[in-house]
Amino acid sequence: MEALAEWGRALYEATGINLTILYDQFDQSRFISGIWMTIYLSIISLFFSVIIGVVGAWAQGSPIKAVRWAINGFIVLFRNTPPLVQIFFFYFGISNLLPYVEDADGMRAPLFTNIQWAIISLSLFAGAFNIEIFRSGIEAVPKSTLEAAEALGYTRLGAYRHIVLPLAIRVCLPALNNNLVNLLKTTSLAYAIAVPELLYASKQIWTDAQNVPTMMVVLLLTYVALVGVLVWAMNAWERSMAVPGYGQGRGR
Amino acid sequence: MKQPIGTPAGVLWTPEQPIISVVDVRKSFGAFEVLKGVSLDVKKGEAICIIGPSGSGKSTLIRCINALVEIDSGSILVENQEVNDERLDKLKLRRKVGMVFQQYNLFPHKTALQNVMMAPINVLKQDKKEVEERARKLLAKVRLTGKENNYPGELSGGQQQRVAIARSLAMRPDIMLFDEVTAALDPETVKEVLVTIRELAEEGMTCLLVTHEMKFARDVADHIYFTDKGVIVEHAPPAEFFENAKDERTKTFLGQIL
Ligand SMILES: Nc1ncnc2c1ncn2[C@@H]1O[C@H](COP(=O)(O)OP(=O)(O)OP(=O)(O)O)[C@@H](O)[C@H]1O
Ligand SMILES: [Mg+2]
């Protein structure tokens, strides 16, 4: 750690490239917590967006018209509006309509914090796309396969859980992969409601240290690394699910 | 119940009564009437073959029996349980009636063994160990020992179809429905599947088969039904059916196919 700080200082003296995050305790800790916040936002929203996708795609096949309309309305709303506007809508719009609660010090506090609003709106945003993605996967499952499940006594839900969804996921993994990468990148919009994620932390650092170009490069490379890890994990998942003679695993 | 007809539904079934009793069943898809009043009885332990030209409603008829297709009118009793009833307990019916399809329809993401084990575990909530033991025995019975851990994509059509038969049998049905289960197979593999079905029939399983395999029908069936354009034209024991067909349509059909 100390050696890294030494190197950072030497680099600054020799080249003028000022990586304060290497030797400045304060900058370093806010940068690292920025990374953690981005990871945190990503993982939680990813989780909820997939749940929304799975449940939404199931509800979309509901025999009840009102349910299908509600889901389609939700998709249109969240797919056809910019994610930044959605975040503002929740944080400035909806938040004000909700009741306030008293926090530990007896102060009036909003029901949800900015971090929670970011998670809610990012989950809904990515979830709307996930519903469509899962639906495309579900549509690729032959009707006859579903019929075989039915003939074995599966209910609609049971067949969805044990047969349709596992098959659908294998078909739509590449699209899901894309959307989740997109979600990770979209967490940077939480910047706009002062969630101290990676972009927000970097911005504070470059404002204080006046090292804008350097931090920009650091920021870009950090996102490249984060997305790289996600893609690697998704690919590993895809490989682990590959089945001989089906979908991606065909011909193995 | 839409139309109470025939044997009183719900009365305790005894093996002397027909295990399946189809009475005057009608079914239309849109304006097109596929079944125009079909009736047939199946006794326990019988093997019944349904033959007839393409589009005559054979698949539709047997799919009505396990409620994959809802009928418009008439009555279908399976062990005295009315199938044409919105309060029908579908799970209870499908435990009794197994079905094997032309296109096998195995679950491609599960191994042969898992395909056989899935429904008893997921649907009937039976003990996994006990189900696995039974599944292995069933796969041995259909001569697939050694293929337990292969995925459907790694099996031949005939092997897949035998897995499908084992999968159905794992639910311990009283009745098996077979819908042209050899129609998608190579001539060489047809035999291995037919042997399996013949064994089942000989063991006393009640079988209702739609088939184009005339020799098989002749050897295995207790009774043959001939359908054309949504009606049963005639039915008879195989010897009589093949030697002395009475109806012109049957004669023409047999003439083309034999
Ligand atoms: N779900 C459906 N919707 C509309 N029409 C259908 C449907 N299922 C079957 N049909 C029509 O009903 C008729 C009878 O079909 P069915 O599959 O029962 O015939 P089949 O005797 O089994 O023929 P094959 O020997 O070709 O399998 C056909 O004309 C078919 O197009
Ligand atoms: Mg058919």
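The values are calculated or read from the model by the stated rules, or taken from the named source; none is laboratory data. Since the structure is predicted, the reported quantities are computational estimates derived from the model, not experimental observations. We place every Cβ from the backbone using ideal geometry, glycine too, and count neighbours over all the protein chains shown. Ligands, DNA and RNA are excluded from the accessible area calculation, which covers all protein heavy atoms including side chains. Shrake-Rupley method; radii C 1.70, N 1.55, O 1.52, S 1.80 Å.
Just a few scattered comments:
- Taking first residues from the stretch B:170-183 that are within 16 Å of ligand 1 (Cβ to nearest atom) and partners that are β-branched (Val, Ile, Thr) and open to solvent by 10 Å² or more (accessible area, probe 1.4 Å), the Cβ contacts under 6 Å between residues at least 6 apart in sequence or on separate chains come to B:Thr182/B:Val190.
- Those residues of the stretch A:151-182 which are at the interface with chain B (Cβ under 10 Å from one of its Cβ atoms) and under 30 Å from A:Thr222 (Cβ atoms), in sequence order: A:Ile169
- Flag for B:Arg63 being within 27 Å of A:Ala159 (Cα to Cα), within 11 Å of ligand 1 (Cβ to nearest atom) and open to solvent by 40 Å² or more (accessible area, probe 1.4 Å): yes
- Residues of the stretch B:88-102 that turn out to be at the interface with chain A (Cβ under 7 Å from one of its Cβ atoms) and buried (at least 19 other Cβ atoms within 10 Å of the Cβ), as a count: 4
- Of the candidates B:Ser168, B:Ser156, the single residue that is within 12 Å of chain A (Cβ to nearest Cβ) and closer than 26 Å to B:Leu93 by Cβ is B:Ser168.
- B:Leu209 vs. criteria away from ligand 2 (no atom under 16 Å from the Cβ), in contact (Cβ under 8 Å) with a residue 60 or more places away in the chain and either more than 14 Å from chain A (Cβ to nearest Cβ) or open to solvent by less than 40 Å² (accessible area, probe 1.4 Å) (or both): no
- Residue within the stretch A:242-250 that is more than 24 Å from the chain's Cα centre (by Cα) and β-branched (Val, Ile, Thr) present: yes
- Annotation: B:Arg143 fulfils all but one of (1) open to solvent by less than 10 Å² (accessible area, probe 1.4 Å); (2) touching an Asp or Glu at 6+ places or on another chain (Cβ under 8 Å); (3) assigned to a loop (DSSP other than H, G, I, E, B); the unmet one is (1).
- The residue that is farthest from the other protein chains (Cβ to nearest Cβ), among those in the stretch B:56-87 that are among the small types (Gly, Ala, Ser) and within 16 Å of ligand 2 (Cβ to nearest atom), is B:Ser56.
Results for (1) open to solvent by less than 40 Å² (accessible area, probe 1.4 Å); (2) in contact (Cβ under 8 Å) with a residue 12 or more places away in the chain; (3) under 27 Å from B:Pro187 (Cβ atoms); (4) part of a helix (DSSP H, G or I), shown as yes or no for each residue.
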residue	(1), (2), (3), (4)
B:Glu130	no, no, no, yes
B:Arg134	yes, yes, no, yes
B:Leu139	yes, yes, yes, yes
B:Lys147	no, yes, yes, no
B:Ser168	yes, yes, yes, yes
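- Residues satisfying the stated conditions in the stretch A:45-66, i.e. open to solvent by less than 50 Å² (accessible area, probe 1.4 Å) and assigned to a helix (DSSP H, G or I): A:Ser45, A:Leu46, A:Ser49, A:Val50, A:Ile52, A:Gly53, A:Val54, A:Gly56, A:Ala57, A:Ala59, A:Gln60
- If you filter the stretch B:31-55 down to residues that are within 14 Å of ligand 2 (Cβ to nearest atom) and either touching a helix residue (DSSP H, G or I) at 6+ places or on another chain (Cβ under 7 Å) or assigned to a helix (DSSP H, G or I) (or both), you find that the one that is farthest from B:Leu208 (Cα to Cα) is B:Val34.
- Qualifying residue in the stretch B:75-82 (condition: within 20 Å of the chain's Cα centre (by Cα), within 16 Å of ligand 1 (Cβ to nearest atom) and not in a helix (DSSP H, G or I)): yes
- Members of the stretch B:103-129 found to be under 22 Å from B:Glu180 (Cα atoms) and more than 9 Å from chain A (Cβ to nearest Cβ), listed by number: B:Ala112, B:Asn115, B:Val116
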